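Chemist: Have a look at this one.
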Amino acid sequence: MAPDQLSRPSPCEDWTLRDLISHVVGESIMSVRILNGADAEEAVYGLNGDILGADASTAFAMAASAECAAFNEPGAIGRTVQHPAMDMPGSQLLGFRIGGLTLHAWDLARGCGGDETLDSELVEAVWAQLSPMAPFIAQTGVRSRSKREG
């Protein structure tokens, strides 16, 4: 994705591609924080506004690398974390992150005119994990901002 595409609209209502990437980076930073013991309030502190700086690609790469390392720490998957939606095991947080990253990969591809094809096995796995939680997710106030087709 070229830097000049950051101001393009994304499929997420009222978001540019820069906003979308900022959201993804913020979610990664939040995940690292809660995996490292932050409570829900500490986890989201400072994540409003522009967290990408001058180089969105570098910000994403750094946040993704830190998130991967945090999930690979011994015991991270079994640890109970204080997510803003609710306390949950690290394994559930990982599932949420895989789902979010999959969803937003499509958003980004659509927004910048890239290949929107997602791995069908990945999509099926994400759907199988998240669809039973749809009523709960709706109650938390978390919603998809995307204007996805079908």
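Chemist: Against the condition touching a residue at least 40 places away in the same chain (Cβ under 8 Å) and outside any helix (DSSP H, G or I), how does Ala43 come out, does it pass?
Modeler: So Ala43 fails the test.
Chemist: Please go through the stretch 70-84 and pick out each residue that is within 16 Å of the chain's Cα centre (by Cα) and either surrounded by 17 or more Cβ atoms within 10 Å (Cβ to Cβ) or assigned to a helix (DSSP H, G or I) (or both).
Modeler: Hits for the stretch 70-84 are Ala70, Phe71, His83.
Chemist: Return a yes/no flag: does the stretch 15-36 have any residue that is over 16 Å from the mean Cα position of the chain (by Cα) and either small (Gly, Ala, Ser) or at pLDDT 95 or above (or both).
Modeler: yes
Chemist: With the condition kept exactly as written, say whether any residue in the stretch 89-107 is out of contact with any Pro (no Cβ under 9 Å at 6 or more places or on another chain), at pLDDT 95 or above and aromatic (Phe, Trp, Tyr).
Modeler: no
Chemist: Moving on. Considering each residue of the stretch 99-117, count those that are part of a helix (DSSP H, G or I) and in contact with a Leu (Cβ under 8 Å, 6 or more places away or on another chain), and give that number.
Modeler: Here the count works out to 9.
The values are calculated or read from the model by the stated rules, or taken from the named source; none is laboratory data. This is a predicted model, so every value here is computed, not measured. Using ideal geometry, Cβ is built from the backbone for each residue, glycine included, and neighbour counts are taken over all protein chains shown.
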